[in-house]
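One structure is given here, and the rest of the page talks about it.
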Amino acid sequence: MSLSSPAVHLFYHSRWQDTHVLDELCWGLEEQGVPYRAICCDDHDCALALGQLAAKSSTLRVGLGLNATGDIALTHAQLPEDRALVCGHICAGAVRIRMLGANAGQLVKVLPFSEIK
């Protein structure tokens, strides 16, 4: 039995510590009213691998991964390890980054994803 409080886990590369990119992802989750834990993790270069680790460590089974090059992956612990639900990149802009965070919250709440245009 896990004693940790329920939260979406966001595993990110240390390059993004204290940046607007990390803030936008977190703000998207906050807008949905879903708790999160942002955890620095330099163990993997792949956003999908970070997202999978995050999802597997989360009691909500939802994770986000942000790698050093700015790739972002949203995934669920029950997905195959080679698949993400949604992928993005920081170059897409603040609105889209925040929407990825919001989509993670919507996944927890079993709501349809916001469309990323």
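The values are calculated or read from the model by the stated rules, or taken from the named source; none is laboratory data. All figures in this text were calculated on a predicted structure; none of them were measured in a lab. Cβ sites come from the backbone with ideal geometry, for glycine too, and all protein chains shown count toward neighbours. What goes into the accessible areas is simple: the full protein's heavy atoms, side chains included, and nothing from ligands, DNA or RNA. Shrake-Rupley method; radii C 1.70, N 1.55, O 1.52, S 1.80 Å.
Of all residue pairs spaced 6 or more apart or on separate chains, none has beta-carbon atoms under 9 Å together with a first member in the stretch 70-81 that is closer than 23 Å to Trp16 by Cβ and a second member that is basic (Lys, Arg) and open to solvent by less than 10 Å² (accessible area, probe 1.4 Å). Applying the set (1) touching a residue at least 60 places away in the same chain (Cβ under 8 Å); (2) crowded, with 22+ Cβ neighbours inside 10 Å to Gln106 leaves exactly one unmet item: (2). The criterion of being under 15 Å from Gly101 (Cβ atoms), part of a helix (DSSP H, G or I) and open to solvent by less than 60 Å² (accessible area, probe 1.4 Å) holds for Leu50.
From the list Gly101, Gly63, Gly88, pick out the single residue that is within 11 Å of Leu25 (Cβ to Cβ) and either open to solvent by 40 Å² or more (accessible area, probe 1.4 Å) or not in a helix (DSSP H, G or I) (or both). Full working, then the answer.
Details: Gly101 fails: either open to solvent by 40 Å² or more (accessible area, probe 1.4 Å) or not in a helix (DSSP H, G or I) (or both); Gly63 fails: within 11 Å of Leu25 (Cβ to Cβ).
Being within 11 Å of Leu25 (Cβ to Cβ) and either open to solvent by 40 Å² or more (accessible area, probe 1.4 Å) or not in a helix (DSSP H, G or I) (or both) holds for just one of Gly101, Gly63, Gly88, which is Gly88.
Which residue is most open to solvent (accessible area, probe 1.4 Å), if the candidates are limited to the stretch 4-23 and must be without any contact (Cβ under 8 Å) to a residue 24 or more places away in the chain and part of a loop (DSSP other than H, G, I, E, B)?
In the first step, residues of the stretch 4-23 are kept if they are without any contact (Cβ under 8 Å) to a residue 24 or more places away in the chain; the result is 17-19, 23.
Next, from what is left, pick out any that are part of a loop (DSSP other than H, G, I, E, B): 17-19.
On the way: Gln17: 83, Asp18: 137, Thr19: 34 Å².
This residue is Asp18.
From the list Ile72, Ile39, which one is surrounded by fewer than 22 Cβ atoms within 10 Å (Cβ to Cβ) and among the β-branched types (Val, Ile, Thr)? Write out each step before concluding.
On the way: Ile72 fails: surrounded by fewer than 22 Cβ atoms within 10 Å (Cβ to Cβ).
Residue meeting the stated conditions: Ile39.
For first residues located in the stretch 24-35 and farther than 23 Å from Cys91 by Cβ, partners that are among the polar types (S, T, N, Q) and open to solvent by 60 Å² or more (accessible area, probe 1.4 Å) and lie 6+ apart or on another chain with Cβ distances below 7 Å form the pairs Pro35/Ser5.
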